[in-house]
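The next block holds one structure in the form of structure tokens; read it before the comments.
Read the figures in this text as sums done on the coordinates, not as results from a lab. As the structure is a computational prediction, the values presented were derived from the model and not from experiment. Virtual Cβ from ideal backbone geometry, glycine too; neighbours counted across all protein chains shown.
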Amino acid sequence: MSENTHDQPLVITRTFNAPRQKVWDAFTKPEDCMKWWGPKDFTSPACKIDLRVGGKYLFCMQDKEGKKFWSTGTYKEINPIEKIVCTDSFSNENGDIVSAETYGMKDFPLELEVTFVFEDIEGSRTKLTLTHVGIPKGEIVEMTHASWNQCLDKLEADLK
């Protein structure tokens with residue numbers, strides 16, 4: 001972990017009133033992911049997913065003014081309907097990794113890591129544990145926490 005990186009990973013746990021397969025699909029099928037990707041007031045106009053170890057994803061979120069924010073990553077571990085581990089980086093529309101400064105953020109690592117764990121809980125519900133590692137110190141930790149929660153709020157609404 002770099003000197004500028006927050007000491008602790010960001011961990012968010014959510015419970016969804018949906019079967020694990022449906023929650024898994026929301027993370028692994030582009031047409032489902034586009035329904036919830038991005039914080040409140042953002043849309044997702046593009047999403048590509050090559051769900052295999054070594055495969056890549058390319059996500060786009062767009063704000064109300066039409067500005068697009070691209071991200072990409074490589075899948076490091078996939079245990080179907082149980083776990084996904086992937087890198088996470090800012091990118092351009094071609095999936096090339098770019099500096100966070102491209103999007104107005106300074107002192108941000110080129111690559112972070114995100115882990116998603118999906119667990120069955122009683123009554124056909126799913127517990128999701130998201131762990132985001134490598135976030136820089138400072139207010140970006142709280143901003144990232146808020147953004148993830150807004151995304152997951154949208155996912156929860158979509159799963160109903």
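Compared with the direct C-alpha span, the chain from residue 110 to residue 147 gains 11.4 nm at full extension, assuming 0.36 nm per residue. The phi torsions of the range 81-98, fed into the Karplus equation with coefficients 6.51, -1.76 and 1.60 and a -60° offset, translate into couplings of 6, 10, 7, 10, 10, 8, 7, 8, 9, 6, 8, 9, 5, 8, x, 7, 5, 10 Hz, rounded to whole numbers, with Gly and Pro shown as x. Look at the alpha carbon pairs under 8 Å that are at least 6 residues apart: their mean separation over the length of the range 49-119 gives a relative contact order of 25 percent.
Indicate the gyration tensor shape class of the range 1-83 (rounded, prolate or oblate), computed on the Cα atoms with a ≥ b ≥ c the square roots of the eigenvalues: a/c under 1.5 is rounded; otherwise a/b larger than b/c is prolate and the rest oblate. List each step's numbers first, then the result.
Working: a/c = 1.31, a/b = 1.03, b/c = 1.28.
It is rounded, given that a/c, with a ≥ b ≥ c, falls under 1.5.
The angle separating the long axis of helix 139-159 from the principal Cα axis of greatest extent in the chain is about 30 degrees. Sparsely packed loop sites in the range 1-101 (the GluC sites (Glu not before Pro) outside DSSP H, G, I, E and B with at most 12 other Cβ atoms within 10 Å) comprise 3, 65, 93. Compared with the direct C-alpha span, the chain from residue 98 to residue 11 gains 28.8 nm at full extension, assuming 0.36 nm per residue. For a straight C-alpha distance cut-off of 23 angstrom, the lysines reachable from residue 35 (same-chain residues fewer than eight places away being disregarded) are 22, 48, 56, 64, 67, 68, 83, 127, 154, 160.
Couplings 3J(HN,Hα) of the range 103-114, computed from phi: 10, x, 10, 10, 6, 10, x, 5, 9, 10, 9, 10 Hz, in residue order, whole Hz [Karplus 6.51 cos²θ - 1.76 cosθ + 1.60, θ = phi - 60°; x for Gly and Pro]. If you take the Cα centroid of the range 7-59 and the Cα centroid of the range 111-160, the two points sit 9 Å apart. Between residue 160 and residue 129, the contour length at 0.36 nm per residue exceeds the Cα-Cα span by 9.2 nm.
From helices alone, the chain scores -6500 deg cm²/dmol at 222 nm; the rule is -39500 (n - 2.57) for each run of n ≥ 4 DSSP H residues, then divide by the residue total.
For the range 50-64, 3J(HN,Hα) computed residue by residue from phi via the Karplus equation (6.51, -1.76, 1.60; θ = phi - 60°) reads 10, 7, 7, 4, x, x, 10, 10, 9, 10, 10, 10, 10, 7, 4 Hz, glycine and proline entered as x.
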